[in-house]
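The values are calculated or read from the model by the stated rules, or taken from the named source; none is laboratory data. As the structure is a computational prediction, the values presented were derived from the model and not from experiment. With ideal geometry, Cβ positions are generated from the backbone for all residues, glycine too; neighbour counts draw on all protein chains shown.
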Amino acid sequence: MEIPSFTISEEQLVSLKGKVIIITGGSSGIGLATTKLLLKLGAKVVVGDIDPPPTDVLVPELSFVRVDVTVWEDLLSLFNNARDTHGQIDHVFVNAGIASSTNYVELDVNDQGNPLPATTRTIDINLIGMINTASLAIHYMKQQENGGSIVMTSSLAGLGPIGMVDYATSKHGIIGFMRGLLSHLHPSLPIRINAITPSWTISGLATQKLVNMVGITAQPAEFVAPTVAIAMADESRHGQLLYSGKGEYKEIERPIV
Ligand code: NAD
């Protein structure tokens with residue numbers, strides 16, 4: 001099956017000017033590149049992250065709330081902060097994530113305590129943390145006349161075979177969550193949801209050193225940010241999986257909902 005490619009121009013993104021956008025994991029990598037692009041487009045960005053953004057991006061249009069996405073109260077304070085400061089929440093980029101891999105074949109089931117600490121942590125952040133963030137986004141957006149849109153970060157690892165089992169499980173889960181949610185969202189609520197599935201990207205999670213070691217080429221995080229922005233700006237996009245890989249953008253899925 002032919003997967004349609006598309007291009008993204010800055011003109012397509014002008015509607016994001018003045019919009020209030022929450023980004024989890026906005027202090028590094030893909031989230032930070034997206035924060036920078038959205039600020040350039042004139043949006044007001046509220047970053048929720050365990051770490052603050054680098055000082056060179058600090059402008060009055062950017063605010064930071066220290067958030068651990070596994071802590072519900074932290075997420076609540078992020079959304080309350082954005083709503084109380086700006087009066088609305090137009091878009092939410094559900095992005096904070098980590099990576100781990102467990103060798104299930106060599107697992108020592110006689111280990112004391114939780115034999116799967118890495119799995120638990122990855123699922124807590126990448127799946128439960130993301131689902132909780134999206135749930136809060138829906139809660140706030142359904143109270144707004146204009147609704148809003150949600151973009152979730154999955155990965156190519158959410159679509160196909162990859163060695164990192166914990167990570168792949170969480171990223172498949174995000175796609176499953178989005179697909180399942182579609183029947184609840186359409187057409188009664190003016191809320192859109194899309195997911196991005198970037199290929200290998202240089203970031204805090206996939207450092208240049210790591211990708212060199214694995215022997216693959218990876219794209220700069222700046223190449224991924226436009227997929228997030230177009231998912232927010234283009235109101236025809238709903239239930240899509242948007243791929244970005246080394247400057248090429250593809251619409252992997254456009255379901256009929
Ligand atoms: P990154 O490490 O540069 O960014 C992740 C951000 O999430 C960091 O700012 C980190 O502080 C934050 N974070 C981690 N745990 C958190 C928690 N519990 N609460 C709040 N914030 C937390 O890595 P990245 O590659 O930019 O990752 C962003 C997203 O992109 C992740 O969901 C990742 O799985 C996904 N992704 C990455 C790649 C890649 O190759 N780098 C490819 C596809 C998808």
Which one of these is under 20 Å from ALA218 (Cβ atoms) and more than 14 Å from the chain's Cα centre (by Cα): GLY163, GLY180?
GLY163
Do we have LEU136 as surrounded by fewer than 17 Cβ atoms within 10 Å (Cβ to Cβ), among the aliphatic types (A, V, I, L, M), closer than 22 Å to ALA229 by Cβ and out of contact with any Ser or Thr (no Cβ under 6 Å at 6 or more places or on another chain) here?
no
For the range 33-57, give me the residue count where each residue is surrounded by 24 or more Cβ atoms within 10 Å (Cβ to Cβ) and near the ligand (Cβ under 7 Å from one of its atoms).
2
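Yes/no matrix, rows are residues, columns are (1) surrounded by 15 or more Cβ atoms within 10 Å (Cβ to Cβ); (2) at pLDDT 95 or above; (3) more than 21 Å from GLY204 (Cα to Cα); (4) near the ligand (Cβ under 10 Å from one of its atoms):
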position	(1), (2), (3), (4)
GLY26	yes, yes, no, yes
ILE30	yes, yes, no, yes
PHE64	yes, yes, no, no
THR70	yes, yes, no, yes
GLY87	no, yes, yes, no
Exactly one condition in (1) at pLDDT below 95; (2) of a type in the set (A, V, I, L, M, F, W, C); (3) more than 24 Å from THR227 (Cβ to Cβ) is not met by LEU76; state its number.
(1)
Which of the residues belonging to the range 224-249 are within 11 Å of the ligand (Cβ to nearest atom) and not polar (S, T, N, Q)?
VAL224, ALA225, VAL228, TYR243, GLY245
Index of the failed condition, TYR249 passing every other in (1) more than 16 Å from the chain's Cα centre (by Cα); (2) not in a strand (DSSP E or B)
(2)
From the set of residues in the range 118-166 that are of a type in the set (Ser, Thr, Tyr) and more than 14 Å from LEU75 (Cβ to Cβ), which is farthest from the ligand (Cβ to nearest atom)?
SER149
Scanning for something of a type in the set (A, V, I, L, M) and at pLDDT below 95, does the range 110-130 turn up at least one residue?
yes
Would you point out the residue of the range 51-78, among those that are touching a Ser or Thr at 6+ places or on another chain (Cβ under 9 Å) and part of a helix (DSSP H, G or I), that is farthest from LEU37 (Cα to Cα)?
LEU75
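Rundown of residues vs (1) touching a Phe, Trp or Tyr at 6+ places or on another chain (Cβ under 6 Å); (2) outside any helix (DSSP H, G or I); (3) away from the ligand (no atom under 14 Å from the Cβ), yes/no style:
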{"residue": "ILE174", "(1), (2), (3)": "no, no, no"}
{"residue": "PHE177", "(1), (2), (3)": "no, no, no"}
{"residue": "GLY180", "(1), (2), (3)": "no, no, yes"}
{"residue": "SER183", "(1), (2), (3)": "no, no, yes"}
{"residue": "SER188", "(1), (2), (3)": "no, yes, yes"}
{"residue": "ILE193", "(1), (2), (3)": "no, yes, yes"}
{"residue": "PRO198", "(1), (2), (3)": "no, yes, no"}
{"residue": "LEU205", "(1), (2), (3)": "no, yes, no"}
{"residue": "THR217", "(1), (2), (3)": "no, yes, no"}
